[in-house]
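S.K.: Have a look at this one.
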Amino acid sequence: MTKNRISALLLLLFISFNTVAREGMWIPVLLDRNIAEMREMGFKLNTDDIYSVNNASMKDAIVLFGRGCTGELISPDGLLITNHHCGYGQIQAHSTVEYDYLTNGFWAMNRSEELPNEGLSVTFLVEMRDVSTEILTGTDSISDETLRIQKIRENTNSITEKAIKDTHYEATVKPFYEGNQYFLFITEKFTDVRLVGAPPSAIGKFGGDTDNWMWPRHTGDFSLFRIYADSTNKPAGYSPDNVPYQPKRYFPINISGIEKNDFTMVFGYPGTTQQYLYSDAVRQVVEQRDPDRIAIRDVKLFTMRSAMKADRATRIKYAAKYASTSNAWKKWQGEIKGLKRLNAVNVKLEEEKAFAKWVNTTPVRQEKYGDILPTFEKKYNEIASVQKAKDYYDEIIFRGTDAYRMYYQLKQFIGQKEKTDDIDFIEKHFKDYKTEVDLNIFVSLIKMLYSDIAIDKLAPSLLEISEKNNPKKQLEKLYSKSIINSKENLMDLLSKNDIDRIKKKIEKDKLYRFFDETRSYYFDSLYANYNNVQKEIDNNYKTYVKALLEMNENEMLFPDANLTMRVTYGKVEGYEPADGVEYRHYTTLDGIIEKDNPEIYDYNVPEKLKQLHREQNFGNYANHKGELPVCFTASNHTTGGNSGSPVINSEGHLIGINFDRCWEGTMSDIMFDPEKCRNISLDMRYMLFLVDKFAGASYLLDEMEIVR
Ligand code: ARG
Ligand code: GLU
């Protein structure tokens, strides 16, 4: 890059940084360098209000919901709000054709009607602290990567053990800046979490997969839960004797209005970003990885969709599976577009040139950092074809079919030393299963696997099938004859007492063996290869990010998201998706009525909602123009995991719940564009309107603190 172009680029960065969004997901205990900017943008509180060890702070009102969403407390009685799509698995699990909460919604009309959820947990952060020194002691001198990782693990174990001794807490240590910094997290986990309310899918999932990742948006994406604790306010397994948890903090809900340019902050659990990705890795995402994964899911989604259209029971069975399969599938499509539009590969190449130049200015740097770029170049080259195969196995074998999931549960079952009688997993599995659907997915995906992947990366089990005369027929036979796919036979077999006999019978099953052999090949051969190279790549990133931090010591570089609590801030604002088009920052109920179309499943507006609209019966929840606000966009840097995160105003009140990103900005996991990246949130006024006017559950409002 010429000097002029560098300064033009820097100028551009500088301008955008001052006028619009602020890229970054910041560590809540390290906001000292951000707070001035936050206050300049309108924030009225201090870092202590966000995170404090000694006093109750916002972080005490926020939980990791399940394994990958965020939730927050909105009452002193443990009432919690998250997205509808985060509670979807639970709502679906309670649904049958007779009690179809997905379609009709669910509202507990008093506490005794709240529904417990096996397997669901919420996790609070008690404390976090920098433990880099303790973790890294004695690791610098170890040159062997495996030994170094082992030493880190040892240090981690001794720190976490000490941290939670004599408590009921849990502890983990997580790397930041690709392993240049480490934090200890002490957490408290509650497992008695009950479903309190959810709107019908026609509201909570309004627009469905058609509108997913898109603006303008009209989804009432929320559900309500309540955390229960024992009589001393400590976590306890489900018991009718448990009482509502009394949190240290909860969020007041502000309904006084949201204006363009208002300060907003999102505080939650972003999952993964890859800001420091090397150029060739970005190229692989755009040219190979995203297209591969999209093509595989195309096939799977098509099969599910056809079956779901034909039959209502199938639609319920596959609703959650369809939603989760289509979500990333659609995001990857937006990501490819965004990365291409930003010319991301070239931007990375230019950044790497600037980096090389910086390295080459002193011999010391050359010595320390001179190998970084050539190593990336070499290793990414080496990994490309293994990466392709790995993506195929991941999508097709490990995430592809229900049959594989059952295979894996059976493998664990027969691996038990003492036979347990717990075979509930069979019932659960088959509740959401339909043979034809899964069989079709199995046959078409396995065919893709052996057709698209180079022979030297095919498991012998796959090779064997591909060489048969009529592979399709073979696959059908393999599937249909297997005990894995027969509920009755499995129930029968697994309730026998003789574990050895069960084991023998299962291990003789041909589909079981097919999965087992494919899996062994994957881990012993393919993944082992991949992992060796990946370890070297990871280690190289560690040095790279260390160097980048040194090179940019006057700037603030944020660590990639890693499913730990982060703060991101920005403003309420719309954007320009394309030349000549401007998007306003909010939507209203009018837009729902505009989209109404009973013929289209995603846009079938419930009659009651139409009636409330006709009567303009909006209570206190309308804006000053008399419209009922539904969703809004802002420039907060968010990612998957931020779903359900509180969107907080300048006074620390809840004004929205984050649930999505705009289509034009989905590449922000790899490259953020302040002009186009917007998060999408549900306006709290729409939530209150629905609970109050639509559901008639206004008793729930009594325990909330509503600021007007
Ligand atoms: N895109 C949002 C997220 O990443 C919402 C997903 C759920 N909605 C859906 N239609 N699949 O989680
Ligand atoms: N819907 C996403 C989630 O489940 C949040 C959207 C995003 O990826 O930004 O976390």
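Every number in this text was worked out from the coordinates using simple rules, so none of it is lab data. Just so it is clear, the structure is predicted and the values come from calculations on it, not from any experiment. Here Cβ is always computed from backbone atoms with ideal geometry, including for glycine, and neighbour counts include all displayed protein chains.
S.K.: For SER668, what charge total do you get from the other residues with a beta carbon under 13 Å from its beta carbon, if Lys and Arg give +1 and Asp and Glu give -1?
M.R.: -1
S.K.: Let me ask something else. Give me the extension gain from ASP48 to LYS368: residue separation times 0.36 nm, minus the current Cα-Cα distance, reported in nm with one decimal.
M.R.: Taking 0.36 nm per residue and subtracting the Cα distance, the gain is 111.3 nm.
S.K.: Ok, one more. If Lys and Arg each add +1 and Asp and Glu each add -1, what is the summed charge of the other residues whose beta carbon sits under 12 Å from the beta carbon of SER239?
M.R.: -2
S.K.: Are there trypsin sites (Lys or Arg not before Pro) in region 282-364 that DSSP puts in a loop and that have at most 13 other Cβ atoms within 10 Å, and which ones?
M.R.: none
S.K.: Now for a different question. DSSP H helices in the chain with Cα extent of 18 Å or more along the helix axis and mean Kyte-Doolittle hydropathy at least 1.0?
M.R.: For the chain, where a helix must reach 18 Å along its axis and average at least 1.0, the hits are 3-19.
S.K.: Continuing with the same structure: Within 9 Å, Cβ to Cβ, of ILE74, how many net charges do the neighbouring residues add up to if Lys/Arg are +1 and Asp/Glu are -1?
M.R.: -3
S.K.: For the pairs LYS379/LYS546; LYS348/LYS368; LYS309/LYS468; LYS162/LYS189; LYS309/LYS434, flag any whose C-alpha to C-alpha distance is greater than 25 Å.
M.R.: LYS309/LYS468
S.K.: Right, here's the next one. Please compute the length gained on full extension between GLU134 and SER256, using 0.36 nm multiplied by the number of residues separating them and subtracting their Cα-Cα distance.
M.R.: 39.2 nm
S.K.: Shape of region 130-220 from its Cα gyration tensor (a ≥ b ≥ c, root eigenvalues): rounded if a/c is under 1.5, otherwise prolate when a/b > b/c, or oblate?
M.R.: oblate
S.K.: Identify the chymotrypsin sites (Phe, Trp or Tyr not before Pro) of region 92-140 meeting these criteria: DSSP loop state and at most 15 other C-beta atoms within 10 Å of the C-beta.
M.R.: Sparse-neighbourhood loop chymotrypsin sites (Phe, Trp or Tyr not before Pro): TYR99.
S.K.: Here is a follow-up. Would you mind classifying region 137-181 by shape? Square roots of the alpha carbon gyration tensor eigenvalues, ordered a ≥ b ≥ c; an a/c under 1.5 is rounded, otherwise it is prolate if a/b is larger than b/c and oblate if not.
M.R.: Prolate shape, in that a/c is at least 1.5 and a/b is the bigger ratio.
S.K.: Cut-off under 15 Å on the C-alpha distance; same-chain residues fewer than 8 positions from LYS477 excluded. Which aspartates and glutamates are left, in chain and number order?
M.R.: By straight Cα distance, LYS477 reaches GLU436, ASP438, GLU464, ASP509.
S.K.: Counting other Cβ atoms within 10 Å, which trypsin sites (Lys or Arg not before Pro) in region 479-557 have at most 15 and lie in a DSSP loop?
M.R.: LYS481, LYS496
S.K.: Rounded if a/c is under 1.5, else prolate if a/b beats b/c, else oblate: with a ≥ b ≥ c from the C-alpha gyration tensor eigenvalues square-rooted, which is the chain?
M.R.: Since a/c stays below 1.5, the shape of the chain is classed as rounded.
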